[in-house]
């Protein structure tokens with residue numbers, strides 16, 4: 001059997017005396033759409049930061065498609081095929097929407113930061129950039145500075161930059177944060193479309209999105225995963241109801 | 001004021017846009033060639049228009065400064081690295097060039113003078129690699145402080161290593177004793193001017209070309225958001241270091257050109273003052289646009305040469321001008337000019353002229369009053385030994401009496417009040433022109 005796309009074993013993370021992640025074991029098979037839910041402060045974003053290399057775990061190992069990536073730098077992890085988005089929009093505000101996506105496309109097509117070839121003449125880059133922009137429905141905004149986009153559009157661009165690097169594993173950190181109902185419906189369809197054939201790991205608070213999109217769900221409470229299962233079984237899980245859904249429903 | 005770039009309306013995205021992505025307009029092949037042809041024509045024709053020896057010298061200095069300021073902007077404007085030590089690469093390029101020239105002359109080697117800027121390029125590049133590896137690990141304040149420390153280190157080291165740097169007297173050379181091509185002796189300043197002009201054009205074209213490569217665009221991305229760059233698979237440090245080395249290389253060329261022009265290099269080439277001048281030139285011209293440092297280099301050189309003829313305290317005016325730009329026009333001269341681009345394209349820019357002229361008159365009056373106050377204070381406080389009588393704007397006056405002071409104060413204050421009264425008119429005209437431009 002092939003190695004899981006992402007595999008965490010015994011991962012912990014402490015900041016000083018405070019343990020945020022208290023031993024997480026998780027295996028996400030390739031091609032799965034996996035959501036991580038949990039109350040505020042459960043450590044969901046920290047977990048993403050550990051997987052993507054923004055932080056190094058205190059102990060434990062993280063594997064990407066079987067290869068140990070524990071403690072590697074974000075750029076190295078990205079080059080191995082993992083891309084992420086951010087909860088707080090993290091784009092290049094003064095660059096055009098086109099440039100934002102093109103920078104990520106360059107990497108995906110294997111270009112190093114060279115200075116002896118004109119960027120406009122690199123084969124395939126423009127076509128691929130246009131393709132990504134069309135898929136995130138920002139084609140008409142190509143020339144606009146990214147910082148001038150409306151909020152939902154910036155969120156879409158955030159996803160666009162993440163998928164542009166052609167990673168096989170995508171981490172989306174609260175992609176719908178701050179979106180209106182219609183926008184988040186739209187974004188759900190978009191995410192389903194652009195992550196087809198890839199492994200998706202997603203943190204999200206909007207339960208409609210989570211239950212509509214995820215193949216499996218993990219529930220993270222106080223730095224521990226208390227359950228990992230299909231959406232139906234998670235909905236019925238008593239421990240989960242007490243720890244999380246009960247609170248949300250109240 | 002009306003913004004010319006409109007923000008995208010909220011709620012539009014979920015509306016199911018179907019418009020296809022189009023690569024943003026980049027000006028086309030012709031749009032890239034035409035400005036360079038114009039630049040080459042200006043460089044070629046300038047000595048025919050400004051024929052005096054003084055202006056030839058000044059234009060040579062401008063060419064050197066353009067290369068230096070453009071190289072500086074590869075760091076500050078393109079990559080977001082604020083360096084306080086760019087003169088290190090300029091100065092070392094100059095010193096190595098002078099020594100190379102002397103070695104070539106002594107050994108009668110078949111090397112023409114025109115090739116000597118390559119020595120500066122290699123020198124700048126080599127020191128850029130070594131010192132850049134140390135300083136580009138971090139951006140922001142850390143980078144700025146390290147650049148300052150390295151500059152101080154090199155500057156003080158140059159005072160100690162007397163045999164290589166020659167101390168205050170410096171190292172001299174003779175540019176006419178090298179291999180002659182096409183019978184060019186490089187004795188006359190006009191030949192040196194054209195040598196500088198050719199190198200200036202080559203460097204500017206190369207630096208512009210670099211902005212349009214993967215490196216150039218990633219430099220912008222690193223400037224904007226280095227963390228995001230890491231998460232799309234690039235190391236910001238690699239991007240910074242590459243930009244730093246190339247920038248140092250072009251600074252080395254500028255140093256070479258200076259060495260050729262003056263035939264003498266001393267430790268002041270490496271000084272913090274020199275690093276400051278290039279920062280000022282880039283900033284005054286505008287770091288947000290490629291042509292900004294070119295404008296800045298021309299303006300700063302012009303001021304350095306002409307203001308120093310007019311007043312002893314020209315550096316004070318220079319500083320005041322820098323402060324005014326930082327406070328009121330952070331985009332520099334180029335930024336101010338570019339602001340009008342959309343209006344010019346829409347053909348509504350001419351509507352601004354009356355209000356600009358209206359504001360210009362009291363602004364000049366205010367400026368005259370301020371200059372009078374500064375010059376009189378300078379005479380009364382610093383140059384008291386020369387007596388209290390002086391001539392200002394060709395008017396004889398005596399700073400001992402109160403009358404000149406009162407008049408100068410009234411002129412400056414009245415000018416300011418009148419100037420301020422014109423601001424609403426300017427804003428109104430701007431809004432009208434911008435609105436008309438949008439409708440056009």
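Numbers for the structure displayed
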quantity	calculated
Of all residues making up segment B:194-231, the number that are buried (at least 20 other Cβ atoms within 10 Å of the Cβ) and within 11 Å of residue B:67 (Cβ to Cβ)	7
Single residue of segment A:165-185 satisfying the filter (touching a helix residue (DSSP H, G or I) at 6+ places or on another chain (Cβ under 8 Å), surrounded by fewer than 20 Cβ atoms within 10 Å (Cβ to Cβ) and within 13 Å of chain B (Cβ to nearest Cβ)) that is nearest to residue A:103 (Cα to Cα)	A:166
Within segment B:372-412, tally of residues that are part of a helix (DSSP H, G or I), surrounded by 13 or more Cβ atoms within 10 Å (Cβ to Cβ) and out of contact with any strand residue (DSSP E or B) (no Cβ under 8 Å at 6 or more places or on another chain)	11
Breaking point among (1) out of contact with any helix residue (DSSP H, G or I) (no Cβ under 8 Å at 6 or more places or on another chain); (2) under 30 Å from residue A:169 (Cβ atoms); (3) assigned to a loop (DSSP other than H, G, I, E, B), for residue B:183	(2)
Residues of segment B:289-335 classified as free of Cβ contacts under 8 Å to residues at least 24 places away in the same chain and assigned to a loop (DSSP other than H, G, I, E, B), total	2
Any hit, segment B:42-61, residues being under 16 Å from residue B:204 (Cβ atoms), part of a helix (DSSP H, G or I) and out of contact with any helix residue (DSSP H, G or I) (no Cβ under 6 Å at 6 or more places or on another chain)	yes
Criterion: over 14 Å from residue B:95 (Cβ atoms) and over 25 Å from the mean Cα position of the chain (by Cα) - qualifying residue of B:138, B:175	B:175
Subset of segment A:137-151 [buried (at least 24 other Cβ atoms within 10 Å of the Cβ), part of a helix (DSSP H, G or I) and within 7 Å of chain B (Cβ to nearest Cβ)]	A:141
Qualifying positions in segment A:106-136 - outside any helix (DSSP H, G or I) and either at the interface with another protein chain (Cβ under 8 Å from one of its Cβ atoms) or touching a strand residue (DSSP E or B) at 6+ places or on another chain (Cβ under 8 Å) (or both)	A:111, A:112, A:113, A:114, A:115, A:116, A:117, A:118, A:122
Test: residue A:191 is touching a helix residue (DSSP H, G or I) at 6+ places or on another chain (Cβ under 8 Å) and modelled with pLDDT of 85 or more	yes
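For every residue, the table says whether it meets (1) in a helix (DSSP H, G or I); (2) facing chain A (nearest Cβ under 10 Å); (3) farther than 30 Å from residue B:167 by Cα.
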| site | (1), (2), (3) |
| --- | --- |
| B:204 | yes, no, yes |
| B:218 | yes, yes, yes |
| B:222 | yes, yes, yes |
| B:229 | yes, yes, yes |
| B:238 | yes, yes, yes |
| B:246 | yes, yes, no |
| B:255 | yes, no, no |
| B:277 | yes, no, no |
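The values are calculated or read from the model by the stated rules, or taken from the named source; none is laboratory data. This is a predicted model, so every value here is computed, not measured. Reconstructed Cβ throughout: ideal geometry from the backbone, glycine too, with neighbour counts over all protein chains shown.
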